[in-house]
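**Q** Here you go, one structure.
The values are calculated or read from the model by the stated rules, or taken from the named source; none is laboratory data. What you see is a predicted model, and the numbers here were worked out from it, not measured in a lab. Cβ coordinates were reconstructed from backbone atoms using ideal geometry, including for glycine residues, and neighbour counts include every protein chain displayed. The area values use the complete protein model at the heavy-atom level, side chains included, leaving out ligands, DNA and RNA. Shrake-Rupley method; radii C 1.70, N 1.55, O 1.52, S 1.80 Å.
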Amino acid sequence: MKAGVTGGIGRRAALSAGVALAVPGLPREGAATELPLRERARRKGLLFGAAARSFNLRDDPAYAAAFARECGVLVTEWEAKWGPLRPAREEFSFGAVDALWQFARRNGLGFRGHALVWHEHMPRWIAGMENRAARGILEEHIRRVLGHYRRAQSWDVVNEAIDVKDGRADGLRQTVWLRALGPSYVRDAFVLARVADPHTLLAYNDYGIEYEDRDSRAKRVAVLRLLETLKQQGAPVDIFGVQAHLNPARPFDPAALRGFLRTAAEMGLDIYITELDVHDRDLPADGARRDRIVAEHAQAWLEAALSEPRVKAVFTWGLSDRYNWRNEVDWSRRRDGLPSRGLPLDQDLQPKPFWTAIARALDGADPRGG
Ligand code: XIL
């Protein structure tokens with residue numbers, strides 16, 4: 001039995017499915033003994049995972065245990081970005097990502113890398129890169145990184161390449177790579193990645209495409225056009241990653257979301273929900289109320305997304321509010337100083353209504369074929 005798209009989590013439905021313990025309005029004690037999200041996903045032929053940083057897993061055994069329990073895939077939240085990974089042109093700093101890789105191996109998790117090409121968190125030396133050196137630098141980066149981590153579950157090859165506001169007809173964002181290499185850098189990155197590791201799945205990942213406001217709709221058009229162009233060019237793109245940094249204040253239309261995902265699926269792409277969390281900066285301060293709004297919105301959104309059969313994975317951007325990235329980013333932090341509650345586990349690593357919302361959406365999904 002599925003809760004309605006707008007109706008939130010039905011208490012009776014949750015009880016009958018055995019996930020009652022973290023439902024809003026019900027005591028949450030004992031929820032940790034419930035079936036973990038990774039297993040709920042696995043039963044449907046889906047993947048569930050979350051992003052993490054190596055030092056949190058290293059320094060906090062309880063968090064590491066919760067992570068290994070809930071997740072089937074570990075996503076590199078920070079340390080595989082250029083800034084931390086490539087501190088100097090000649091230097092690859094693999095230590096932290098190696099620790100994530102080993103954690104994943106030890107605990108039987110898949111490993112998902114993020115990201116080979118992105119405009120943010122670039123090392124300072126990139127500003128001095130000569131255009132004619134760019135191709136070699138990018139090529140070396142992709143070759144060395146994918147050579148180091150062979151057979152990862154998947155990689156975000158290109159992250160956030162579209163920004164309609166930059167005013168180009170093709171919608172491409174003005175970045176260091178576009179300036180140095182021209183628009184073909186996106187295709188080239190995928191080709192280089194496929195050569196470097198033919199066994200890892202390759203994703204184009206983007207945000208700002210989850211809702212029905214004007215900006216999102218314009219960005220959807222541009223992203224779909226980019227994917228279409230990549231396909232026509234024969235670029236080896238396997239996955240379309242929809243970040244899904246959700247915001248209950250934005251206009252959501254399940255049918256329109258389904259239509260958008262269907263269009264991408266018809267290009268032969270699998271779709272991953274790659275960075276799910278809920279932006280709760282402007283939600284009520286009261287924890288229980290906030291949790292309920294977060295959960296109801298996330299469940300409605302996820303149910304719509306999972307109704308597209310080519311959606312094959314759900315990854316959250318962090319697992320617990322104990323290490324919630326939104327508390328660290330100025331534009332995302334709450335003005336009342338309260339910590340974000342936008343991730344599935346609370347600061348005590350206990351499942352919140354958001355956890356139950358994901359559980360319900362996974363339980364309600366049709367099994368994936370193949
Ligand atoms: C965030 C990380 O969570 C932070 O730790 C870091 O300071 C900034 O980046 N979209 C993305 C992610 O693709 O890489 C971002 O991650 C969140 C938004």
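**Q** Can you give the FRET efficiency for D336 and R132, using 1/(1 + (r/R0)^6), R0 = 56 Å, r = Cβ-Cβ distance, to the nearest 0.05?
**A** Details: r = 51 Å, r/R0 = 0.90.
So the FRET efficiency works out to roughly 0.65.
**Q** Relative to 2.2 N^0.38 Å, what does the C-alpha radius of gyration of the chain come to as a ratio? Two decimals please. Display every interim value, and only then the final one.
**A** Numbers: Rg = 19.8 Å, N = 370, 2.2 N^0.38 = 20.8 Å.
Relative to the 2.2 N^0.38 Å estimate, the chain comes out at 0.95.
**Q** Shifting gears a bit: What do you get for the angle between helix 287-306 and the principal long axis of the chain? Use alpha-carbon atoms, 0 to 90 degrees, nearest ten.
**A** In the chain, helix 287-306 runs at an angle near 60 degrees to the longest axis.
**Q** How compact is segment 41-164 by the rule of thumb for globular proteins, expressed as Cα Rg over 2.2 N^0.38 Å?
**A** Numbers: Rg = 15.6 Å, N = 124, 2.2 N^0.38 = 13.7 Å.
Cα Rg divided by the expected 2.2 N^0.38 Å: 1.13.
**Q** Ratio of Rg to Rh for segment 226-287, alpha carbon only, Kirkwood?
**A** Working: Rg = 15.2 Å, Rh = 13.7 Å.
Result for segment 226-287 is an Rg/Rh of 1.11.
**Q** Apply the Karplus curve 6.51 cos²θ - 1.76 cosθ + 1.60, θ = phi - 60°, to the phi angles in segment 231-247 and return the couplings in whole Hz, x for Gly and Pro.
**A** My calculation for segment 231-247 gives 4, 4, 7, x, 5, x, 9, 9, 9, 9, x, 9, 4, 6, 7, 7, 8 Hz in order.
**Q** To continue, here is another question. Give me the percent of accessible area attributable to carbon and sulfur for the chain, probe 1.4 angstrom.
**A** Numbers: 7290 of 14840 Å².
After summing per-atom areas, the C and S share lands at 49 percent.
**Q** How tilted is helix 131-148 with respect to the longest principal axis of the chain? Cα atoms for both, answer in degrees (0 to 90, nearest 10).
**A** Result, in degrees: 50.
**Q** A 30 angstrom limit on the alpha carbon distance is what I want to check against. Which of K231/K312; K81/K312; K312/K352; K165/K352 exceed it?
**A** Values: K231/K312 20 Å; K81/K312 24 Å; K312/K352 24 Å; K165/K352 37 Å.
Pairs exceeding 30 Å: K165/K352.
**Q** Considering the options F240, A169, I293, tell which one lies farthest towards the positive end of the dipole of the chain, charges being +1 on Lys and Arg and -1 on Asp and Glu at the Cβ, about the Cα centre.
**A** It is F240.
**Q** Please state the Cα pair-distance histogram of segment 107-213 with 10 angstrom bins from zero: what percent is in each bin?
**A** Reading upward from the zero bin: 14, 44, 32, 9, 1.
**Q** Still on this structure, please answer the following. Nearest 10 degrees, 0 to 90: what angle lies between the long axis of helix 95-106 and the longest principal axis of the chain (Cα atoms)?
**A** 50 degrees
**Q** Moving to a separate point now. Taking 1 over the mean of 1/r across every pair of different Cα atoms in segment 224-370, what Kirkwood radius in Å do you get? Please report the intermediate quantities before stating the final value.
**A** Numbers: mean 1/r = 0.0620 Å⁻¹.
Hydrodynamic radius (Kirkwood, Cα only) of segment 224-370 equals 16.1 Å.
**Q** Enter the accessible area per residue of segment 194-335 (Å², integer; probe 1.4 Å; all protein chains in place).
**A** 37 Å²
**Q** Helix-derived [θ] at 222 nm for the chain: sum -39500 (n - 2.57) over DSSP H runs of at least 4, divide by residue count, nearest 500? Before the final figure, lay out each step's value.
**A** Working: 13 runs with 144 residues, N = 370.
Taking each H run of at least 4 residues, the total per residue is -12000 deg cm²/dmol.
**Q** Compute the normalised compactness of segment 153-267: alpha-carbon radius of gyration over 2.2 N^0.38 Å, N being the residue count.
**A** Values: Rg = 14.2 Å, N = 115, 2.2 N^0.38 = 13.4 Å.
Ratio of Cα Rg to 2.2 N^0.38 Å: 1.06.
**Q** What number comes out for the charge environment of D286, summing +1 per Lys or Arg and -1 per Asp or Glu over other residues with Cβ under 13 Å away? Don't skip to the answer; put the middle values down first.
**A** On the way: positive: R289, R290, R292, R334, R341; negative: D280, D291, D336.
Taking every Cβ under 13 Å from that of D286, the sum is +2.
**Q** Right, next: So if I take the centroid of the Cα atoms in segment 30-84 and the same for segment 205-243, what is the distance between those two points in Å?
**A** Between the Cα centre of segment 30-84 and that of segment 205-243, the gap is 26 Å.
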